[in-house]
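The structure appears below as structure tokens.
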């Protein structure tokens, strides 16, 4: 069995069983490919403009927007999203599910201190994290793990995460040892007063394409509420067809550097604009795309503030 050189044989075997037949091997192959492609992109961009992120930073300075963009990056908002779910068990009426996404936490440690301070003052029942805990694979990994450990230590109640396209498998054992169970095409139940809802999670559907939405809900009994965690919104149609109740995702950053009014100039996922930010619906499936709690590549945001989201589950609106 092919395995990452940074995983022991036992760790590789366990992750292979959890992800599903053949998926682990594809994941490892694409992780190796991601390093090659990133090196080629960096080399090509370096010869032109000193690297994509450096180019963006210079553009912000040239336009006088650097200070505003960095201030916006640190201006983490708390947003409440009310989610009506017919069939929600009465014991879960008003259940508050906190979502954090796209931390890229090694990019700027000051942001993580702000996030931890915000979280300490919030009330919630459970936490989900929808991927991209690290910014640049192969760099600053010890720092990002240290910051993630501090974050997870401060979380309360059940918590679950999924991996994003910046998260490699060798980080799974450490993140889980901190107390963050990762759902790798798997599910887990949250029980309350003899009733339950399901949190299902799939591996990254964007770059690695190692998601398995069928496998992730195998334990769900028909009619029970199933909440899907997926790093990117591009699997919404498949999730709707399979009968998921709610889908929570990220990856898009809402555009991160937007025009006034929050209009995203660039889209990093092949989805319709309505999936880029905030609540949406696909058939009977309710969905929400977080704009991210951090930022990617450059610690900067424009007209698209970072967000901690609290989803309040209700049986009906009003």
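The values are calculated or read from the model by the stated rules, or taken from the named source; none is laboratory data. What you see is a predicted model, and the numbers here were worked out from it, not measured in a lab. Here the Cβ is made from the backbone with ideal geometry for all residues, glycine too, and neighbour counts use every protein chain on show.
Evaluate the stretch 257-279: report whether one residue or more is assigned to a strand (DSSP E or B), at positive phi and modelled with pLDDT of 95 or more. Write out each step before concluding.
Looking only at the stretch 257-279, we keep the residues that are assigned to a strand (DSSP E or B), and these are 257-259, 263-264, 278-279.
With the extra rule that they be at positive phi, the set shrinks to 278.
From what is left, the residues that are modelled with pLDDT of 95 or more are 278.
Yes.
From the residues in the stretch 137-181 that are in contact (Cβ under 8 Å) with a residue 60 or more places away in the chain and in a loop (DSSP other than H, G, I, E, B), which one is farthest from residue 311 (Cα to Cα)? That would be 138. One residue alone among 282, 191 is in contact (Cβ under 8 Å) with a residue 40 or more places away in the chain and over 27 Å from residue 57 (Cβ atoms), and that residue is 282. Among the residues of the stretch 102-116, is there at least one that is under 30 Å from residue 192 (Cα atoms) and part of a helix (DSSP H, G or I)? Yes, the stretch 102-116 contains at least one residue that is under 30 Å from residue 192 (Cα atoms) and part of a helix (DSSP H, G or I).
Identify the residue in the stretch 243-256 that is assigned to a strand (DSSP E or B) and in contact (Cβ under 8 Å) with a residue 60 or more places away in the chain and, among all such residues, is farthest from the chain's Cα centre (by Cα). The extreme case among them is 246.
Scanning the stretch 14-34 for residues that are over 21 Å from the mean Cα position of the chain (by Cα) and either modelled with pLDDT of 95 or more or surrounded by 19 or more Cβ atoms within 10 Å (Cβ to Cβ) (or both) yields a total of 3. Of the residues making up the stretch 187-207, those that are outside any strand (DSSP E or B), under 22 Å from residue 240 (Cβ atoms) and at pLDDT 95 or above are 202, 203, 204, 205. Does the stretch 210-223 hold any residues that are touching a strand residue (DSSP E or B) at 6+ places or on another chain (Cβ under 6 Å) and either in contact (Cβ under 8 Å) with a residue 60 or more places away in the chain or crowded, with 24+ Cβ neighbours inside 10 Å (or both), and which are they? Once the filter is applied, which keeps residues that are touching a strand residue (DSSP E or B) at 6+ places or on another chain (Cβ under 6 Å) and either in contact (Cβ under 8 Å) with a residue 60 or more places away in the chain or crowded, with 24+ Cβ neighbours inside 10 Å (or both), the stretch 210-223 yields only 216. Here residue 297 meets the list (1) part of a loop (DSSP other than H, G, I, E, B); (2) farther than 26 Å from residue 244 by Cβ; (3) out of contact with any helix residue (DSSP H, G or I) (no Cβ under 7 Å at 6 or more places or on another chain) almost entirely, failing just condition (3).
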